[in-house]
Amino acid sequence: SMDEEIVVTREEEMVDPEAEAEFEHEYAKLMAESLESRKLERKPIFDVPIPVMAKNRESQSSQETETGAGPSAPTMAFALLTKKGNRQQTKTVELPSNSTFAVAMRNSQQAEREE
Amino acid sequence: PIGAAPEEEAVELPPHACAYCGIHSPGCVVKCLGCRKWFCSSRGNAQSSHIVNHLVRARHKEVQLHPESQLGDTTLECYNCGTKNVFLLGFIPAKSDTVVVLLCRQPCASAPSSKDMSWDISRWQPLIENRSFLPWLVATPSDSEQLRARHISPPTMAKLEELWKENPDANFASLETASTTEDEPNPVLLKYDDPFHYQNIFGPLVKMESDYDKKLKEAQSEDNLTVNWDHGLNNKYWASFRLPKMESGDVKLAVGDEMRLRYMGNLHAAWEGVGYVMKIPDNKSDDVQLELRLAPKAEKSVPTDCTLNFMADYVWKATSYDRMQLAMKTFAVDEQSVSGYIFHKLLGHHVAVAAMKPTIPKQFQAPGLPELNPSQIKAIKAVLSTPLSLIQGPPGTGKTVTSATIIYHLAKTSNSQVLVCAPSNVAVDQLCERIHKTGLKVVRLTAKSREDVESSVGFLSLHKQVEMNDTNQELSKLQELKAQFDQLSSQDEKKFKSLTRMAEREILSNADVVCCTCVGAGDPRLAKLKFRTVLIDESTQSAEPECMIPLVLGCKQAVLVGDHKQLGPVIMNKKAAKAGLNQSLFERLVLLGMAPIRLNTQYRMHPCLSEYPSNMFYDGTLQNGVTQHMRIRREVDFPWPVADMPMMFWSNLGTEEISASGTSYLNRTEASNVEKVVTRFFKAGVKPTEIGVITPYEGQRSYIVSTMQNVGTFKKESYKEVEVASVDAFQGREKDFIVLSCVRSNDNQGIGFLSDPRRLNVALTRAKYGLVIIGNPKVLSKHELWHHLLVHFKDRKCLVEGPLTNLQASLLQFSRPKPSYR
Ligand SMILES: [Zn+2]
Ligand SMILES: [Zn+2]
Ligand SMILES: [Zn+2]
């Protein structure tokens, strides 16, 4: 893409509170329905072993994200566990270093090291 | 068919573009499995991201990521039970490892965890937060991407969702047609939300103009024509004939237009042929000349032995309109089409930019071009350091020289090719010639239909440069063969075409500067090239969408040259014109507050001639680069009322008449006096080519030409060489002496064309050494602008009446002007 430094100012649009309230209502309804429909599902225990992989995935990755929006924030690599058919797969996801998962992970790693 | 343009490529948004806003970075979009449409994670000005907005309004719940996203084409689902309802899904982390997994909130994540479980179910985090997917799963589009996307408001999204319930294939165009049923088009605006908004306003206007043009041109068939034939080498056939309907002035036939000629009589087998217009009616003759395009071996059937019973009609081409529409579309969907700065400027957004670091040349004067004055140097300096600039060039201020010098420096400093455009071929040729003088490598790209039209810069044209090419032996040989036999074997023809295309590409990519008309910039031969730097001359004479054609080829720096105080674009459809299609981009940018850099020194007119235009149209800022003495032709004995002031308003009270066609006007008294003035100039030694006669009406133009022929006492040939034309035809040009015949002279009706201040400005600023205005002061003075002009002439004792041999100062009292002229 073209590298240029520009600042664009745009006029704010007014939000119609009535339409906003209506959307809010639709959203809540959809959420409630979704939960309701699952009430009677049996509760299968989720007990899947953690896939074996190298620890300490933390990286100060500065790789360009898809959006190409300037220097990206520091991230921490996590593995996302998914299923393809019945096969287990892991895929890498870059979580922002300040996301709750990443912060918690760093804290627990720190604690581990101090032990 | 011969000369047919290859298919022009349309730029389309990819199928995975957000159905609301068009954003299409693979990492930022997901596919809704309920309707297979794609949505992005931007919010625009709304509270919810586009994905969430859609899912809620359409009550769809399942999505899939893009194959090229970080996670590939993953369908988001609960690892444990497989539910795909995104409103139920969330992530849980492993207790002591950097692993996460998607689980549904109910029931999988609400089950009590077994004691030694390695997953931390208690830290379940929903996939949708703040009405958006977690940004590390579906990225938020970059600011610049969001700014360039369609700006869609929540009510519009709601409308679109309603429409999709009826028709899943509906798009924004359907939304437009659904909402606008009235037949008045939406007027142009100063600012646009986004390029789609821009396209939604201009698209219908261009369509209206195109439909109107088509209707008008196709209705122009004329029969009972008498044809004179001419036959040249290389099997070229020319047909000359007169088109009586041309006089109406509705149809502007142009060189390069295509016409079909048919034989309707019985002396020859039925025949029809198509050709390009090579000549249009001018002061030499009213003939139209067509060069026929004949298929090989078809020449025998041409009925050259017949002269009567022909019929001609216009072959209408949508090319120019198609290219405007395509340019607007490219502007909307191709983020490489223009830089972010230009993009937002064109839409009227407020953009701040980090100042460019220009390479200011040590020497401003370009090789082969004249020296520059301070205002020209100021303009050049400003242009080199700004990504978008406007240069206003009042009459005679050296606009072409300034443009050519700017192009020289741009080509030298920017290290990229410069694209130079203007709306008309004449203007492009003039500029092209100047640029060539600086020593830059120039290519003039002409439409196929104009390749045979003579031009002073013919040798710079792409097709000539290909012909002259001497590096490719095989191509030269094929060219020779083709010239000799007029035809090649199909295999050779194929080879010839591909070699020609190769040669064209090579010449174009080696050029410093490519020159073509604005519409020509849409030529498929330029499609693969990028032009970072674009200069558009006479930009105030093209409609905005026309200007877009050269700009969307990758422009980062644009220079628009023109003068919004002179005539603007010609729009034939009145509704489209009224809606604002007749406003140029230059003018809109001025209205938006961009100050044009004005060239302030005029080198054309005698100072007495520039005074009124300077005061009326340029805030009195126009300075004279020529003195009175330089603009007096002492040897010319002409009865100017004031010796040092070669100008006069000659009062003529004869009445106007409707011309024979019923659609134009003429004025016999004025025509006869035009002849007297012209004859007097001849007798004083002025050459015919130094005189121009301007009249706004086609009826009067043709009447003056015949009056001079019939009544003129000087050599007939001389009168033929005097150019008689409309104000519009004289724009951008000059003559030593100008005679202006105003024509309109009636008690009650308006003064039509003459009321446009821009037309008056052009008419008054063509003459270098002398101006004679012939008109009815009583009628014209009702009009405020003309009232001022008449007072100006009267105050200077230059308003006269009586016979040319005995002119007297007129003491006529003027009518009271109506307060406004717009
Ligand atoms: Zn959907
Ligand atoms: Zn979107
Ligand atoms: Zn589940």
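For beta carbons closer than 8 Å, sequence separation of 6+ or different chains, a first residue in region B:326-341 that is within 9 Å of chain A (Cβ to nearest Cβ) and a second that is of a type in the set (Gly, Ala, Ser) and assigned to a helix (DSSP H, G or I), the qualifying pairs are B:Gly340/B:Ser144. In region B:35-60, the residues that are within 16 Å of ligand 3 (Cβ to nearest atom) form no Cβ pair under 8 Å with any partner that is open to solvent by 40 Å² or more (accessible area, probe 1.4 Å), whether six or more places apart or across chains. The criterion of at least 2 residues that are within 19 Å of B:Ile406 (Cβ to Cβ) is met, among helices (runs of 4 or more DSSP H) falling completely within region B:521-621, by B:544-551, B:585-591.
Checking each residue in region B:132-147 for being in contact with a helix residue (DSSP H, G or I) (Cβ under 6 Å, 6 or more places away or on another chain) and open to solvent by 30 Å² or more (accessible area, probe 1.4 Å) picks out only B:Ser144. Scanning region A:26-36 for residues that are within 16 Å of B:Leu103 (Cα to Cα) and more than 7 Å from every other protein chain (Cβ to nearest Cβ) yields nothing. Does any residue of region B:696-705 turn out to be among the hydrophobic types (A, V, I, L, M, F, W, C), outside any strand (DSSP E or B) and open to solvent by less than 40 Å² (accessible area, probe 1.4 Å)? Within region B:696-705 (the criterion being among the hydrophobic types (A, V, I, L, M, F, W, C), outside any strand (DSSP E or B) and open to solvent by less than 40 Å² (accessible area, probe 1.4 Å)), the answer is yes, since at least one residue qualifies. Being of a type outside the set (Phe, Trp, Tyr), within 16 Å of ligand 1 (Cβ to nearest atom) and touching a strand residue (DSSP E or B) at 6+ places or on another chain (Cβ under 9 Å) holds for only one residue in B:Leu71, B:Leu103, B:Leu76, and it is B:Leu76. Each residue in region B:484-504 was checked for being part of a loop (DSSP other than H, G, I, E, B) and of a type in the set (Gly, Ala, Ser), and 1 of them qualify. Sort out which residues of region B:121-143 are free of Cβ contacts under 8 Å to residues at least 12 places away in the same chain and more than 7 Å from chain A (Cβ to nearest Cβ), and write them in order of number. B:Ser122, B:Glu129, B:Asn130, listed by residue number. Would you confirm, using the coordinates I've provided, whether B:Gly368 is part of a loop (DSSP other than H, G, I, E, B) and surrounded by fewer than 19 Cβ atoms within 10 Å (Cβ to Cβ)? Yes: the conditions hold for B:Gly368.
Take the residues of region A:11-57 that are open to solvent by less than 70 Å² (accessible area, probe 1.4 Å) and of a type in the set (D, E, K, R): which is modelled with the lowest pLDDT? So the residue we want is A:Arg57. Please enumerate the residues belonging to region B:21-52 that are of a type in the set (Gly, Ala, Ser) and either out of contact with any helix residue (DSSP H, G or I) (no Cβ under 9 Å at 6 or more places or on another chain) or within 13 Å of ligand 1 (Cβ to nearest atom) (or both). Those that are of a type in the set (Gly, Ala, Ser) and either out of contact with any helix residue (DSSP H, G or I) (no Cβ under 9 Å at 6 or more places or on another chain) or within 13 Å of ligand 1 (Cβ to nearest atom) (or both): B:Gly27, B:Gly34, B:Ser49.
Restricting the first member to region B:73-86 and to residues that are free of Cβ contacts under 8 Å to residues at least 12 places away in the same chain and under 16 Å from B:Ser110 (Cα atoms), and the second to residues that are surrounded by fewer than 22 Cβ atoms within 10 Å (Cβ to Cβ) and of a type outside the set (Ser, Thr, Tyr), the beta-carbon pairs closer than 9 Å and six or more apart or on different chains are B:Gly82/A:Lys83.
Is one or more of the residues making up region B:52-74 open to solvent by 20 Å² or more (accessible area, probe 1.4 Å) and within 11 Å of ligand 2 (Cβ to nearest atom)? No, region B:52-74 contains no residue that is open to solvent by 20 Å² or more (accessible area, probe 1.4 Å) and within 11 Å of ligand 2 (Cβ to nearest atom). Restricting B:Leu599, B:Leu666 to residues that are open to solvent by less than 60 Å² (accessible area, probe 1.4 Å), closer than 30 Å to B:His350 by Cα, out of contact with any His (no Cβ under 9 Å at 6 or more places or on another chain) and not acidic (Asp, Glu) narrows the list to B:Leu599. Set side by side, the residues B:Leu71, B:Leu102 differ, and just one is touching a Lys or Arg at 6+ places or on another chain (Cβ under 8 Å) and either closer than 30 Å to B:Gln47 by Cα or assigned to a strand (DSSP E or B) (or both), which is B:Leu71.
Has region B:97-114 got at least one residue that is more than 7 Å from chain A (Cβ to nearest Cβ), of a type in the set (Lys, Arg) and under 15 Å from A:Lys83 (Cα atoms)? No, every residue in region B:97-114 fails to be more than 7 Å from chain A (Cβ to nearest Cβ), of a type in the set (Lys, Arg) and under 15 Å from A:Lys83 (Cα atoms). Of all the residues in region B:438-483, those that are in a helix (DSSP H, G or I) and out of contact with any Cys (no Cβ under 8 Å at 6 or more places or on another chain) number 23. B:Leu88 is checked against (1) within 12 Å of ligand 3 (Cβ to nearest atom); (2) open to solvent by 20 Å² or more (accessible area, probe 1.4 Å); (3) facing chain A (nearest Cβ under 7 Å) and fails just one. What number does that condition carry? It fails just one condition, (2). Filtering region B:208-217 for residues that are open to solvent by 40 Å² or more (accessible area, probe 1.4 Å) and within 12 Å of chain A (Cβ to nearest Cβ) leaves an empty set. Could you tell me whether region B:327-341 includes any residue that is in a loop (DSSP other than H, G, I, E, B), under 20 Å from B:Thr413 (Cα atoms), among the charged types (D, E, K, R) and open to solvent by 50 Å² or more (accessible area, probe 1.4 Å)? No, the conditions are met nowhere in region B:327-341. Residues that are within 8 Å of chain A (Cβ to nearest Cβ) and in a loop (DSSP other than H, G, I, E, B) within region B:44-67 comprise B:Asn45, B:Ala46, B:Gln47, B:Ser48, B:Arg59, B:Lys61, listed in sequence order.
For B:Ala355, are the conditions met, namely being small (Gly, Ala, Ser), modelled with pLDDT under 95 and surrounded by fewer than 19 Cβ atoms within 10 Å (Cβ to Cβ)? The answer is yes for B:Ala355. For region B:465-499, the set of residues classified as modelled with pLDDT of 90 or more and open to solvent by less than 30 Å² (accessible area, probe 1.4 Å) consists of B:Val466, B:Leu499, listed by residue number. What are the residues in region B:407-432 that are more than 14 Å from B:Asp537 (Cα to Cα), of a type outside the set (Val, Ile, Thr) and assigned to a helix (DSSP H, G or I), if any? Correct list: B:Tyr408, B:His409, B:Leu410, B:Ala411, B:Lys412, B:Ser414. For region B:740-773, a tally of residues being farther than 17 Å from B:Tyr612 by Cα and assigned to a strand (DSSP E or B) returns 1.
The values are calculated or read from the model by the stated rules, or taken from the named source; none is laboratory data. All figures in this text were calculated on a predicted structure; none of them were measured in a lab. All Cβ positions, glycine included, derive from the backbone under ideal geometry; neighbour counts span all protein chains shown. Accessible surface areas use protein heavy atoms only, side chains included; no ligands, DNA or RNA. Shrake-Rupley method; radii C 1.70, N 1.55, O 1.52, S 1.80 Å.
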